[in-house]
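One structure below.
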Amino acid sequence: MGTSRRSFIKISALGTGGLALSASAFGSIGTNLLTDKNAFVNSLKKLKLSPTYCEVCFWKCAAWAYTDENNKIQKIIGNESDPHCNGRLCPRGTGGVGMYADNDRLKTPLIRTKTDGKDTFREATWEEALTLIASKMKEVKDTYGAESMALLKHGSPGSHLEHLFKAYGSDTIAEPAYAQCRGPRETGFGLTFGSWIGSPEPTDIRDTKCLVLIGSHIGENMHNSQVQEMSDAIDNDATIITVDPRFSTAASKS
């Protein structure tokens, strides 16, 4: 792969914001690590390396997390053995350190309450929160029937909630995002060829000589391996044709 990380990030419209996040979080290791290679290597020797993966999007890139003696995450890098990222995380992935350390990150359940006449939230234990949810769901079921409660799900956690709703007695379940995204494509392929394409899609963008993108937003969705392959295709002088009513990131490379 001839594309450098700098080129990979430049192709993304999100690169600047992601780098700002990751650079801010990365600074917690030491102010000189980005410029002093020896200091960087010596600092990493003191950190524990643990396997993990990024769940910001459905690409789910495998990664390595560096933690210090206080179990605080200091750096996240891509796993070189994962074909989804080839050892390179997108700016969202590297910005995961900033998300982890964000003061506004939810760490406990919150229950709405009133303080001095104003709506606010208070921290609660999981037992208290789950007990409250269960009592409210039971009240709805007893009054209106289980099917009156609807679930609009999306992403991996949706399957867990779908299981909960079916156990609850409700089949009022839909996935609007799927119907508006790759659902029609998958349904068409399933009925025509007997199997879905799935995602990430098994494309060969890297070796193509001419890439036609119709309504695609590669470079903004940060589908990692596809962005890397498109970047390599550009390096290999592939012709990029983009059909889009706006001047997208992909259009800027066409």
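Laboratory data are not the source of any read-out in this text; all were calculated from the coordinates shown. The structure displayed is predicted, hence computed values, not measured ones. Here Cβ is always computed from backbone atoms with ideal geometry, including for glycine, and neighbour counts include all displayed protein chains.
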Report ³J(HN,Hα) in whole Hz for each residue of the range 63-74, in order, from the Karplus equation J = 6.51 cos²θ - 1.76 cosθ + 1.60 where θ = phi - 60°; Gly and Pro get x. 8, 10, 10, 9, 10, 8, 5, 9, 6, 8, 6, 10
In the range 117-149, trypsin sites (Lys or Arg not before Pro) in a DSSP loop with at most 15 other beta-carbon atoms within 10 Å: none
Under unit Cβ charges (Lys, Arg +1; Asp, Glu -1), what dipole magnitude, rounded to 20 debye, does the range 151-254 have relative to its Cα centre? 280 debye
What list of ³J(HN,Hα) values in whole Hz, one per residue of the range 171-177 in order, does the Karplus curve 6.51 cos²θ - 1.76 cosθ + 1.60 (θ = phi - 60°) give from phi, with Gly and Pro shown as x? 9, 7, 10, 8, 9, x, 4
Within a Cβ distance under 9 Å of Glu229, other residues only, what is the Lys/Arg minus Asp/Glu net charge? -2
Kindly rank 105-117, 219-231 from highest to lowest mean number of other beta carbons found within 10 Å of each residue. 219-231, 105-117
Dividing the surface of the Cα convex hull of the range 146-187 by four yields a projected area in nm² of 3.0 nm²
Of Pro245, Phe193, Pro176, farthest towards positive along the dipole that unit charges on Lys, Arg, Asp, Glu beta carbons give the range 171-254: Pro245
Mind putting a number on the dipole of the range 146-187 about its Cα centre? Charges go on the C-beta only, +1 for Lys and Arg and -1 for Asp and Glu, and I need it in Debye to the nearest 20. 160 debye
How long are the semi-axes of the equivalent ellipsoid of the range 51-91, taking √(5λ) for every eigenvalue λ of the Cα gyration tensor, in whole Å from largest down? 19, 10, 8
Could you please report the charge total around Pro200, scoring K, R as +1 and D, E as -1 over all other residues with beta-carbon less than 15 angstrom from its beta-carbon? -1
